[in-house]
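The values are calculated or read from the model by the stated rules, or taken from the named source; none is laboratory data. Bear in mind that the values here come from a model prediction, so they are computed numbers and not experimental data. For neighbour counting, all protein chains shown are included, and Cβ atoms are generated from backbone atoms with ideal geometry for every residue, glycine included.
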């Protein structure tokens, strides 16, 4: 029962944070491309890579903390379903170049962010 509570509270915070990042990205970078979704996905990948590498290599990440951050906050913060929708909308609008850019940017930057999260965790806690 505690896990459900932690996931729910953190999920609410993740959802609100995702919305805020989207608004900031649109105001800063414009609405002609899905910058907010891209930013959220890359930040979420970075954070998840860092957290799960720490979880794998140290005792710093407890089960409740993993539920709180990985499942709750990051589960609500990352928006891969929105990525799929926006990519499909680009395709339907005949903007295949934007669809391909969206796919490539999310994939390459997301995987790179997971790797960067791993490497950062190993630098912060070398025993990880």
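For the reader, a short list of remarks on this structure follows.
- Neighbours by Cβ (under 6 Å, 6+ apart or cross-chain): first from region 112-124, under 17 Å from residue 61 (Cβ atoms); second at pLDDT below 95 and not in a helix (DSSP H, G or I): 121/128; 122/128
- For region 53-65, the candidate set comprises residues that are within 20 Å of residue 123 (Cα to Cα) and touching a residue at least 24 places away in the same chain (Cβ under 8 Å); within that set, the residue that is surrounded by the fewest Cβ atoms within 10 Å (Cβ to Cβ) is 56.
- Condition broken by residue 33, with the remaining ones in (1) over 25 Å from residue 118 (Cβ atoms); (2) more than 14 Å from the chain's Cα centre (by Cα); (3) part of a helix (DSSP H, G or I); (4) touching a residue at least 24 places away in the same chain (Cβ under 8 Å) satisfied: (3)
- Tally, over region 66-94, of residues that are surrounded by 16 or more Cβ atoms within 10 Å (Cβ to Cβ) and part of a loop (DSSP other than H, G, I, E, B): 2
- Which listed residue, of 114, 124, is closer than 16 Å to residue 47 by Cα and surrounded by fewer than 18 Cβ atoms within 10 Å (Cβ to Cβ): 124
- Residues located in region 95-128, provided they are under 30 Å from residue 53 (Cα atoms) and assigned to a loop (DSSP other than H, G, I, E, B): 125, 126, 127, 128
- Taken over region 1-37, residues that are closer than 21 Å to residue 91 by Cα and buried (at least 17 other Cβ atoms within 10 Å of the Cβ) amount to 5.
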